Amino acid sequence: MNEKIFFHRESSPQTKEKNSPLSGVKIAIQPNLSVRGWPTEAGSPALEHYIALEDATVISRIRNAGALLVGSTHMSELGFGLVGDTSGTALDDGHCDAALVTDTLVEIVTEPDMRSPHDAMEFLRALRTQIWYVGAADCSMETGAMRANREGADYFETVVQEHISPRTIAQWIASRLLPAIKDRGQTISETSVTPKRFSALLAMAEREEINASAAREALELLFESDKTPEAIVEEHHFPQIGDAGQLEAMLDRIIPENPDAVENFKKGKTQAAGFLIGQAMRASKGKANPKLLREIPDKKLGSP
């Protein structure tokens, strides 16, 4: 039953500080908040192998205040909605005293395309009336609580033609590209990160030539020059380490340095493998292929 509620469960949560404001308070989080050594996939298959290297600021603060992190609950993909969220169930069933969750964004993609401004406005009016009725949001176009984006749809459709997974494109546009464009005071039609450059970067990530962390860094650099993604990746040494021999040699150095984690792994504490993988990711400066890396502890130490 717990597996239906928790994406990752901490078997023996520890508190850093006693007699602190949150001392002994059991808190569940969503897996889009980084906890060092924990899998942090944000509900997305694209991040299923990502292991957090550091605690997020909010995690450090609540830990220092004495909180017990009991695990991360399931969530909708990248927080785009409420379907699949189990934080409320964790609270109701008494698995935690509080749940730390993030705001969600709901994106509605219509099909078929609307052919006139009149059709679009009529659709928005009907949708806004229903959302108002249930009290989910104020739907203010002025404050950005509700938005309609035709340029974004055109951009998306152009990238899709380059044979990139539509799900991957939507995730990257919503979580990475649009915020970066907004930070620079641009619109999607003005950005130098054209659909062709953007799709080339995503293609490299899909082929696992670079990992997600390197792809995020390369995306930032695309705004700063007119170089191709391939040139930027090569220039900044972003290519992913996918050689099994190199990865095993990395773990061979890390395992003797972390005897407690090794012992915990042999006792069946799965988070210990996450810790070792996190150390390897740090040693590789985020360049190791996490998918391949996750297979090595079992090979080196035996299945727990």
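So here's what we get for this one:
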| quantity | calculated |
| --- | --- |
| Any pair with Cβ under 8 angstrom, 6 or more apart, that starts in the range 242-263 at a residue that is under 17 Å from residue 290 (Cα atoms) and ends at one that is of a type outside the set (Val, Ile, Thr) and not in a helix (DSSP H, G or I) | 242/208; 242/289; 247/288; 247/289; 250/284; 250/288 |
| Residue within the range 229-236 that is touching a helix residue (DSSP H, G or I) at 6+ places or on another chain (Cβ under 7 Å), under 25 Å from residue 152 (Cβ atoms) and modelled with pLDDT of 85 or more present | yes |
| Some residue of the range 223-239 being within 20 Å of residue 40 (Cβ to Cβ) and out of contact with any Gly (no Cβ under 8 Å at 6 or more places or on another chain) | no |
| Count of residues meeting criterion [surrounded by 11 or more Cβ atoms within 10 Å (Cβ to Cβ) and assigned to a helix (DSSP H, G or I)] in the range 258-270 | 7 |
| Residue satisfying condition, being hydrophobic (A, V, I, L, M, F, W, C), surrounded by 14 or more Cβ atoms within 10 Å (Cβ to Cβ) and more than 22 Å from the chain's Cα centre (by Cα), within set 188, 181 | 188 |
| Test: residue in the range 218-229 that is in contact (Cβ under 8 Å) with a residue 40 or more places away in the chain, under 21 Å from the mean Cα position of the chain (by Cα) and surrounded by 18 or more Cβ atoms within 10 Å (Cβ to Cβ) | yes |
| Residue in the range 67-102 that is surrounded by the fewest Cβ atoms within 10 Å (Cβ to Cβ), counting only those that are modelled with pLDDT under 80 and of a type in the set (D, E, K, R) | 92 |
| Of all residues making up the range 28-54, the number that are at pLDDT below 85 and of a type in the set (S, T, N, Q) | 1 |
| Residue 274 in a helix (DSSP H, G or I) and farther than 21 Å from residue 54 by Cβ | no |
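The values are calculated or read from the model by the stated rules, or taken from the named source; none is laboratory data. These figures come from a predicted structure and were not determined experimentally. Reconstructed Cβ throughout: ideal geometry from the backbone, glycine too, with neighbour counts over all protein chains shown.
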